[in-house]
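Each reported figure results from applying straightforward, stated rules to the coordinates on display, with no laboratory input. All values reported here derive from a predicted model rather than from experimental measurement. Virtual Cβ from ideal backbone geometry, glycine too; neighbours counted across all protein chains shown.
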């Protein structure tokens with residue numbers, strides 16, 4: 001249920017005017033938090049309620065103890081009840097045996113801003129030398145996220161993108177944006193060309209942005225976003241802690257950084273910078289103009305390498321047919337054909353049929369879920385794979401209205417695969 005569906009249901013029942021019309025229903029949402037992480041909020045409220053109860057009960061026991069006829073046994077019973085209330089507010093782990101089994105924990109799988117590449121709610125270090133086109137490529141990423149389009153062939157979930165540019169001239173950034181995507185209200189680029197300079201890392205305004213919209217937040221470059229010594233771990237730790245607070249508020253943070261000048265020495269500055277990040281990407285440009293991306297650290301998945309062909313004049317970036325990339329696409333194509341020919345195969349069956357390395361096969365299957373095939377849990381925790389129905393065989397839904405704008409393009413609604421779990425070959429859309 002949401003604002004739109006509620007109004008439609010009331011209109012269908014001819015009750016919309018009686019309850020106060022659309023404007024009244026809209027006013028009911030004023031002041032309500034628009035949060036996707038409502039469960040932690042509920043936990044905070046429950047804890048505060050329990051603490052408030054303990055405080056009130058403690059005051060009542062204290063007042064009763066001052067009475068001349070106070071009964072010690074009764075007061076001790078009340079204290080015992082109060083201790084039980086306190087247990088609700090504090091962890092119950094008091095021994096090794098109390099530590100929960102991770103297999104029983106309800107752990108939420110990672111969500112992706114760019115499918116299989118850019119995890120949502122993560123701190124990403126994107127480094128490269130001067131002239132390697134870091135700003136170009138990350139601007140392309142921000143535009144793809146703002147549009148809900150594709151970045152290097154990977155679908156992006158539409159989100160607000162806030163790009164803080166501390167050093168590039170306004171006319172150059174403007175020209176690049178016009179080539180990449182043009183005007184988009186979901187993409188906000190703030191640089192020194194504005195009357196007010198972009199805020200530094202640690203400014204409360206940045207935390208406010210992150211809490212309100214959970215955006216893709218780009219810091220370009222890191223060295224201009226603070227006034228501390230990048231080679232001093234003691235000074236850089238608070239800077240990285242601020243960036244982690246933006247992630248905790250729901251943002252996906254990308255910091256553009258530089259590599260050290262000495263060849264092979266890695267990222268510039270203190271190891272505290274790389275250590276605080278969830279993902280570390282190294283960008284290089286070859287003499288023939290190709291861009292290489294190497295995911296050297298990834299707490300959310302596999303390390304990957306990409307070769308990108310830039311077209312700066314058209315504002316386009318595409319994956320090349322480098323040997324590793326071509327081989328990966330060939331394997332994915334074979335897997336897609338195998339799944340279409342025999343829906344419901346397990347991961348092991350697919351890897352065995354296409355004769356690919358198990359580790360590589362598992363990564364290809366996982367990274368292409370939802371784009372080349374669908375997956376669901378089968379017997380004994382195995383994953384079973386199914387072909388994606390063609391768009392012509394599924395219904396279309398119209399654009400949805402959000403707080404920041406409207407997506408007007410029709411989007412295919414892909415149904416969950418059904419008809420294969422019982423082991424019978426039922427008709428399936430091609």
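A few remarks follow.
- Prolate/oblate/rounded call for the range 112-320, Cα gyration tensor, a/c under 1.5 rounded: rounded
- Amide N of the range 265-291 lying under 16 Å from the label point, which is placed 7 angstrom from the Cα of residue 233 along Cα→Cβ: 267-277
- C-alpha center-to-center spacing [the range 50-73, the range 107-174] in angstrom: 57 Å
- When the inverse distances between all different Cα atoms of the range 38-104 are averaged and flipped, the Kirkwood radius reads 14.3 angstrom.
- Which of 385, 24 has the fewest Cβ neighbours within 10 Å, and the rest in rising order: 24, 385
- A straight chain from residue 302 to residue 82 at 0.36 nm per residue would run longer than the Cα-Cα distance by 74.3 nm.
- Annotation for residue 155 and residue 42: the two label points, set 7 Å from Cα along the Cα-Cβ direction, are 2.8 nm apart.
- With the convex hull constructed from alpha-carbon coordinates only, the chain shows a mean projected area of 32.5 nm² over all directions.
- Sorted by Cβ neighbour density within 10 Å, fewest at the top, the residues 371, 234, 252: 234, 371, 252
- Nearest 10 degrees, 0 to 90: helix 233-248 Cα axis against the chain principal axis: 80 degrees
- Label-point separation, residue 136 to residue 329 (7 Å along Cα→Cβ), nm: 2.0 nm
- Cα-projected label distance for residue 97 with residue 3, points at 7 Å along beta-carbon direction, nm: 5.4 nm
- Here the extension length gained between residue 193 and residue 355 equals 52.8 nm, from 0.36 nm per residue of separation less the Cα-Cα distance.
- Angle in degrees between helix 358-367 and the longest Cα principal axis of the chain, rounded to the nearest 10: 70 degrees
- Least to most buried among 179, 297 (fewest other Cβ within 10 Å first): 297, 179
- Relative to the longest principal axis of the Cα atoms of the chain, the long axis of helix 323-341 lies at roughly 70 degrees.
- Max mean-square fluctuation residue, GNM over the chain, Cα-Cα springs under 10 Å, options 97, 83, 42: 97
- Prolate/oblate/rounded label for the range 1-132 (Cα gyration tensor, a/c 1.5): oblate
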